[in-house]
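Since the structure comes first, as structure tokens, the remarks are kept for the end.
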Amino acid sequence: MDVMFRVRGAERVVIVDACRSGSSAGAIFRLPAKEAMTPVEHGFSLHGLRWDHALYAGSRMFGESFADHAEVILIEAGDIGFGLELTDPVRAAAARVVCMLEPLVRGDG
């Protein structure tokens with residue numbers, strides 16, 4: 001739920017996460033947050049509330065323009081087994097995402 005309130009009060013939001021879409025490991029998807037919103041299933045517990053659910057809930061509570069200033073960058077995961085290391089394609093994609101974010105952090109983008 002913290003995501004919902006942080007998005008509402010922020011000037012600009014970029015959420016970076018992993019995904020499993022069936023694409024090649026390391027594929028990068030950049031999309032408006034509105035396209036990543038996912039309705040919460042009836043009876044869903046707050047313990048399992050994800051950022052995409054929080055975006056959806058925020059848009060329902062605060063209106064359609066709630067996430068106009070937010071975007072999502074997803075990196076297709078490789079091996080999701082136990083471990084601390086990224087696969088080579090995912091590591092390379094993460095480095096590309098950092099390069100994408102640097103101008104935003106500096107205020108250039």
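The values are calculated or read from the model by the stated rules, or taken from the named source; none is laboratory data. Keep in mind the model is a prediction, meaning the values are calculated, not measured. Positions of Cβ are generated from backbone atoms using ideal geometry, with glycine treated the same way; all protein chains shown enter the neighbour counts.
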Condition met for Val40 (in contact with a Phe, Trp or Tyr (Cβ under 8 Å, 6 or more places away or on another chain) and without any contact (Cβ under 8 Å) to a residue 40 or more places away in the chain)
yes
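Out of all the residues in the range 93-109, which are modelled with pLDDT of 90 or more and either over 26 Å from Arg12 (Cβ atoms) or among the acidic types (Asp, Glu) (or both)?
Looking only at the range 93-109, we keep the residues that are modelled with pLDDT of 90 or more, and these are 93-103.
The one that is modelled with pLDDT of 90 or more and either over 26 Å from Arg12 (Cβ atoms) or among the acidic types (Asp, Glu) (or both): Glu102.
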Given the conditions (1) closer than 23 Å to Met4 by Cα; (2) surrounded by 15 or more Cβ atoms within 10 Å (Cβ to Cβ), report the number of the one that Val105 does not fulfil.
(2)
Val3 vs. criteria surrounded by 13 or more Cβ atoms within 10 Å (Cβ to Cβ), out of contact with any strand residue (DSSP E or B) (no Cβ under 7 Å at 6 or more places or on another chain) and of a type in the set (Val, Ile, Thr)
yes
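Is there a residue in the range 59-71 that is among the hydroxyl-bearing types (Ser, Thr, Tyr) and at pLDDT 90 or above?
Yes, the range 59-71 contains at least one residue that is among the hydroxyl-bearing types (Ser, Thr, Tyr) and at pLDDT 90 or above.
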